[in-house]
Amino acid sequence: MNNVYIETYGCQMNQADSGIVGKVLQDNGYNLVFSGDDADVILINTCAVRDNAEKRIHNRVHDLQALKKKNPLLKIGIIGCMAERLQDSLIKEDKVDVVCGPDSYRKIHELIQQSSAIDVELSNEETYEDIIPTQLNTDGISAFVSIMRGCENFCTYCVVPYTRGRERSRSPKSIIEEVKKLFDDGYRDITLLGQNVNSYIYNEEGMDVRFADLLIRVAQINPLLRVRFATSHPKDLSEDLVDAIASYHNICKYIHLPVQSGSDVMLKKMNRKYTIEEYLKKIDLIRSRIPDCAISTDVIAGFCSETIEDHKQTLEVFRKVGYDSAFMFKYSDRPGTVAHKRFVDDIEEVEKIRRLQEIIDLQRDLSLESNKKDIGKTFEVLVEGESKRDATKLFGRTSQNKVVIFEREDNKQGDYINVKIEDCTSATLFGKKIK
Ligand code: SAH
Ligand code: SF4
Ligand code: F3S
């Protein structure tokens, strides 16, 4: 009666959170299993950021209900952002047994024992800092570490401030402890997570620790540990941070700096609090101090009243920055947000898709261009595992977060090797180890 299967959707924070839930359950006598077929309890950690993310989960829950025919005692729970957004409608309409919001995971074992249990209270303090998460679905080399929770930026399109609550930072001491343990367990690539890591702030014995300080402290744990972070809000990206990245070899030369739109009119309407001119200044700052830094972005196509001119400005910013990669979305109206209440979601679906496709096509060219520039150069690669397509080959990543495929030879996971790039596609680099 004690087998729990946790399935995770959504962002990296959800991956980290599933580890917290796993740990709480293990500490209370549950076993974690890796398939719904063996489970007495199935928990789905959910995302509410776009309507299609939610639709997928409703369908998944519907499919899982069929398992109850075989096992009538099976319990299905929804945790995470959809639990917070939809609350008891999940019990009424999706017929789930447990609904647990992102700040109630300490009680998950109690909720599982009740019927139709729900706890979606948000907290101003909870950071789960004393809980060292169980690494679920792990490759043994990369791990996510949550450094803060919540978001208070209230971008008008975004549901996260409502599903995750107030912004709060976790103590540096607990973060360092968790990362040290991961390093001792063989992990070599750590991503520090927050919705806006640049606003990290923690008062430690009367002194404010900010994100650049924290990043340096994590990097100093061991030079063999690669440190990454996500996400940076452009309005808060500081010179201190750029200098920290430049000064430490093991702080990865990769910044995810979501632009969302290339139009000042849209940015204002989105409440992003920067103009394109200011955004491009931050890009120049990065490029001048860290010439080999890769930059990626998020973008939304077809936000409320976006004109063709606004859309063209987005394409223009993509060309100007020459992103190495991008996460591209079409606008999805989210109930409860400011955009939902005040603006009209007036771009036709077909037009949103067309604009999105135009951005995707452009980014494919830009990624290929960026990868072609790497041909002939040598990069330090952290070996991560076997190539999925070819067992005679291994793959790893560069500091710039690009995937590289190379001959296996006598290399193994966790090795740092120098690889000279010989070929590429828009998604992958191919190279040879340099002795
Ligand atoms: N905190 C991060 C991102 C969180 S959500 C940041 O501010 O950059 C990840 C991405 O989803 C966002 O960057 C945005 O591009 C996208 N997104 C958020 N809400 C959306 C919506 N309503 N429709 C489409 N995309 C959305
Ligand atoms: Fe959403 Fe904006 Fe917060 Fe990112 S910064 S999570 S886009 S409200
Ligand atoms: Fe992440 Fe989705 Fe929630 S992006 S914070 S899981 S709404």
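The values are calculated or read from the model by the stated rules, or taken from the named source; none is laboratory data. If you're wondering where the values come from, they're calculated on a predicted model, not measured in any experiment. For neighbour counting, all protein chains shown are included, and Cβ atoms are generated from backbone atoms with ideal geometry for every residue, glycine included. These area figures cover heavy atoms from the full protein model, side chains too; ligands, DNA and RNA do not enter into them. Shrake-Rupley method; radii C 1.70, N 1.55, O 1.52, S 1.80 Å.
Of the residues in segment 233-250, not one is in contact with a Ser or Thr (Cβ under 6 Å, 6 or more places away or on another chain) and over 22 Å from Pro161 (Cα atoms). Scanning segment 370-403 for residues that are more than 26 Å from Arg319 (Cβ to Cβ), assigned to a strand (DSSP E or B) and open to solvent by less than 20 Å² (accessible area, probe 1.4 Å) returns Val381, Leu382, Val383, Glu384, Gly385, Leu394, Gly396. For segment 91-126, a residue qualifies if it is of a type in the set (S, T, N, Q), outside any helix (DSSP H, G or I) and out of contact with any helix residue (DSSP H, G or I) (no Cβ under 9 Å at 6 or more places or on another chain), and the qualifying residues are Gln114, Ser115, Ser123, Asn124. Filtered by the rule that a residue be exposed (fewer than 14 other Cβ atoms within 10 Å of the Cβ) and either in contact (Cβ under 8 Å) with a residue 24 or more places away in the chain or in a helix (DSSP H, G or I) (or both), segment 336-352 gives Gly336, Lys341, Arg342, Val344, Asp346, Glu349, Val350. For Glu277, state whether it is within 16 Å of ligand 1 (Cβ to nearest atom) and over 25 Å from the mean Cα position of the chain (by Cα). Answer is no for this residue. Inspection of segment 202-222 identifies at least one residue that is away from ligand 2 (no atom under 16 Å from the Cβ), closer than 30 Å to Glu121 by Cβ and of a type in the set (Phe, Trp, Tyr). Applying the condition of being among the acidic types (Asp, Glu), open to solvent by less than 50 Å² (accessible area, probe 1.4 Å) and more than 26 Å from Ile245 (Cβ to Cβ) to segment 292-335 and asking which residue is farthest from ligand 1 (Cβ to nearest atom) yields Asp310.
Selection of strands (runs of 3 or more DSSP E) fully inside segment 187-253 by the criterion of at least 2 residues being more than 21 Å from the chain's Cα centre (by Cα) and either aliphatic (A, V, I, L, M) or surrounded by fewer than 16 Cβ atoms within 10 Å (Cβ to Cβ) (or both) returns 201-204, 207-210.
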